[in-house]
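> My structure is below; once you've seen it, I'll send some questions.
Read-outs: derived from the displayed coordinates by stated rules, not from any lab. It should be emphasised that the depicted structure is a prediction, and the values quoted were computed from it without experimental measurement. Heads up, the Cβs are rebuilt from the backbone with ideal geometry, glycines too, and the neighbour counts pull from every protein chain shown.
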Amino acid sequence: MPSYAAFLGHQPHISIAELSASIRDFELQRVLGSEVVIFGSTLDLDATYLQTLGGTVAIARKAHDKPVTLEDVPGLLRGEVKGVAGKVTFSLRGFGLPPKQIRDLYRTCKNELRSHGRPARYVGTERTPAVSVLLHDEGLLDGSHGCELVLIKEGDDLWVGRTVAAQDVNAYAKRDMEKPARDTRVGLLPPKLAQILLNFGAWLVHGTVGGNAEKELTVFDPFCGTGVVPIEAMLRGWNVLASDDSLKAVHACERNLQWLRKEHGIPKKEVTSKVWKQDARKPFELKAPPDVIVTETTLGPPLEKKAPLKEASRLKTAMEDLQEEFLRNVAATLPGVSVVATWPVWYTSKGQVRLEKVWDKLHDMGFRVAIPAAVDLEITGRPTLVYRRPGQYVGREIVMLQSTRKAS
Ligand SMILES: C[S@@+](CC[C@H](N)C(=O)[O-])C[C@H]1O[C@@H](n2cnc3c(N)ncnc32)[C@H](O)[C@@H]1O
């Protein structure tokens with residue numbers, strides 16, 4: 001089975017869960033530090049596939065069958081750039097190798113290529129590998145001008161792979177910052193997290209979707225705000241339903257989807273969308289049910305510092321009712337529809353405060369909690385994932401709820 005290395009985002013446990021949910025035959029082999037996982041898959045994972053992942057920064061595919069040492073690297077590189085015409089550009093991304101070794105190695109690689117009549121240029125430094133924009137722009141991912149080799153040293157073993165995909169950071173920044181309607185109070189869901197939630201949604205519907213061979217979905221976000229989840233769904237070619245009880249949010253989401261259609265040339269005939277005003281606790285009256293609900297529910301007020309326990313308990317009590325009413329409404333008016341939602345988690349000086357009442361009622365309401373196979377449950381103590389950036393005092397608990405009700 002081909003071996004891959006994935007360089008993870010800053011919430012590695014969530015990144016691993018996402019890989020596990022979205023690669024059909026994902027076989028977790030090793031987790032190295034908090035940055036890298038080595039895994040097996042028979043799928044051909046490429047740049048198009050990586051674009052659908054929010055939690056993985058880069059993917060490399062193993063480039064050798066037999067065990068190798070550092071002395072073999074220049075020869076491997078020469079083999080990888082055989083098809084490049086003219087000057088070769090290359091980069092090395094090391095893990096577990098000191099900077100000096102990387103520096104010596106790229107010099108040796110350059111000499112090796114030159115001695116075979118191939119002028120060569122190295123991008124990146126011995127300390128930092130080339131940034132992903134450079135990998136895209138310099139033709140190192142599509143192989144037109146060269147390649148990046150990933151070198152992972154574990155004890156005496158060396159894993160060498162070729163980077164096949166790297167996240168397009170400019171594209172994320174563009175749609176995050178340039179969308180016309182922004183609301184810094186509610187619109188702070190990072191696009192990458194929205195992608196992750198959508199991948200969990202697809203997993204609830206289809207089981208593992210598997211590389212690029214995924215089916216189209218209709219996704220409903222009933223707390224849509226400015227529409228980050230709908231935006232990411234639409235970019236995926238999935239149909240979108242979105243609602244919010246604030247008219248301002250409805251207008252913002254509509255504007256953003258219109259902008260996206262224009263920017264990316266997404267015709268209404270191919271990808272449908274509908275946005276309306278609705279309290280998520282009131283019956284949903286849809287012509288046809290969605291495949292799945294994916295939503296960042298309301299997190300309550302943002303906090304500048306740790307909340308006193310009493311305050312967190314008050315916020316929690318108010319939130320329990322809303323979440324319960326929403327889920328009861330889904331079970332009653334959209335039976336059979338599964339839900340991926342984020343719930344607030346408050347950070348107090350006495351530790352985390354999470355929703356409990358609604359958690360205890362999930363079974364009775366018609367939901368079974370699901371979690372992708374590779375998740376280490378010790379992290380949260382219950383089968384959920386917590387997303388929290390440094391300095392945030394309200395985190396997001398990701399809950400995946402499989403409907404146990406029969407669809408109508
Ligand atoms: C955290 S924000 C969602 C932000 C969104 N992910 C975005 O991309 O901007 C939560 C949203 O829930 C909406 N909301 C709060 N209570 C609601 C309810 N009972 N029914 C529907 N929407 C509600 C708020 O108006 C707000 O837009």
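> Pairs Lys274/Lys306; Lys62/Lys87; Lys110/Lys153; Lys306/Lys357: which exceed 32 Å Cα-Cα?
Lys274/Lys306
> Shifting gears a bit: In whole Hz and in residue order, list the ³J(HN,Hα) couplings for segment 313-324 that follow from phi through the Karplus curve 6.51 cos²θ - 1.76 cosθ + 1.60, θ = phi - 60°; x for Gly and Pro.
5, 5, 4, 4, 4, 5, 6, 3, 5, 4, 5, 5
> Provide the net charge surrounding Lys87, with neighbours chosen by a C-beta distance below 12 Å and charges set as Lys +1, Arg +1, Asp -1, Glu -1.
Overall, the nearby charge balance is +3.
> Just the projected area, averaged over all directions, of the convex hull on the alpha carbon atoms of segment 7-84: how many nm²?
6.3 nm²
> So which trypsin sites (Lys or Arg not before Pro) in segment 247-324 pass both tests, a DSSP loop state and at most 11 other Cβ atoms within 10 Å of the Cβ?
Lys268, Lys269, Lys287, Lys305
> How big is the antiparallel share of DSSP beta bridges in the chain, given as a percent to the nearest 5?
60 percent
> Lys and Arg at +1, Asp and Glu at -1: add these up for the other residues within a Cβ distance under 12 Å of Asp46 and post the number.
Around Asp46, the surrounding residues sum to 0.
> Residue by residue, what Karplus-based ³J(HN,Hα) values in Hz, rounded to whole numbers, does segment 228-238 have, using 6.51, -1.76 and 1.60 with θ = phi - 60° and x for Gly and Pro?
Values, residue by residue: 5, 5, x, 4, 5, 5, 5, 4, 7, x, 9 Hz.
> In terms of modelled amide H atoms, which long-range or inter-chain residues lie less than 5 Å from the amide H of Thr89?
Arg121, Gly146, Cys147
> Considering only Ile16, Ile266, Ile371, give the residue with the highest GNM mean-square fluctuation for the chain, with springs between Cα atoms whenever their separation is below 10 Å.
Largest GNM mean-square fluctuation: Ile266.
> Quickly estimate the mean residue ellipticity at 222 nm for the chain, helices only: each DSSP H run with n ≥ 4 gives -39500 (n - 2.57), and the total goes over all residues, rounded to 500.
Calculated at 222 nm, the ellipticity per residue is -10000 deg cm²/dmol.
> What value does segment 170-403 have for Rg/Rh, both radii from Cα atoms and Rh as Kirkwood defines it?
With Rg and the Kirkwood Rh in hand, the quotient comes to 0.94.
> Just want the ordering: Ser246, Ser20, Ser338, from fewest to most Cβ atoms lying within 10 Å of their own Cβ.
Ser246, Ser20, Ser338
> I would also like to ask the following. Considering only segment 170-403, what is the antiparallel percent among its DSSP beta bridges, to the nearest 5?
So the antiparallel bridges amount to about 50 percent of the total.
> Then there's this: Normalise the Cα radius of gyration of segment 309-408 by 2.2 N^0.38 Å (N = residues in it) and let me know the number.
1.12
> Rg and Dmax of segment 84-186 over Cα atoms: what are they, in angstrom?
Considering segment 84-186 through its Cα atoms, Rg and Dmax are 17.0, 59 Å.
> Run through segment 309-373 and list the GluC sites (Glu not before Pro) located in a DSSP loop whose Cβ has at most 14 other Cβ atoms within 10 Å.
Glu356
> Under the Kirkwood approximation applied to all pairs of distinct alpha-carbon atoms, what is the hydrodynamic radius of the chain in Å?
Hydrodynamic radius (Kirkwood, Cα only) of the chain equals 22.8 Å.
> If you take the beta carbon distance between Lys274 and Thr128 as r and set R0 to 60 Å, what does 1/(1 + (r/R0)^6) give as a FRET efficiency, to the nearest 0.05?
0.85
> Taking H placed 1.01 Å from N in the peptide plane, check which residues at least 5 places from Ala165 or on another chain put their amide H under 5 Å from its amide H.
When sequence neighbours closer than 5 places are left aside, the close amide H contacts are Ile59.
> Still on this structure, I have one more. Starting from segment 334-408, pick out the trypsin sites (Lys or Arg not before Pro) whose DSSP state is loop and whose Cβ has at most 13 other Cβ atoms within 10 Å.
Answer by residue number: Lys350, Lys406.
> What distance in nm separates the two pseudo spin-label positions at Asp360 and His116, each 7 Å out from Cα along the beta-carbon direction?
Spacing of the two 7 Å Cα→Cβ label points: 6.7 nm.
> Additional query: Return the Cα extents of segment 15-144 along principal axes one, two and three, sorted largest first, each rounded to a whole Å.
On the principal axes, segment 15-144 reaches 46, 28, 27 Å in Cα extent.
> May I pose another question? For a quick size check, give me the Cα extents of segment 191-325 along its three principal axes, largest first, whole Å.
Projected onto the principal axes, the Cα atoms of segment 191-325 cover 50, 33, 31 Å.
> So in segment 221-359, what percent of DSSP beta bridges are antiparallel if you round to the nearest 5?
20 percent
> Express in % the proportion of alpha carbon pairs of segment 231-310 at distances exceeding 18 Å.
The calculated P(r) of segment 231-310 puts 51 percent of pairs beyond 18 Å.
> Another one. For segment 355-361, just list the computed ³J(HN,Hα) in residue order, Karplus coefficients 6.51, -1.76 and 1.60, θ = phi - 60°, integers in Hz, with x standing in for Gly and Pro.
Result, ordered by residue: 5, 10, 4, 5, 4, 5, 9 Hz.
> Residue separation times 0.36 nm, minus the C-alpha to C-alpha distance between His10 and Glu304: what's the value?
Gain on extension, His10 to Glu304, equals 103.7 nm.
> Additional query: Once the Cβ-Cβ distance between Lys350 and Lys248 is put in as r, and R0 is 45 Å, what FRET efficiency do you end up with, to the nearest 0.05?
The computed FRET efficiency comes out at 0.80.
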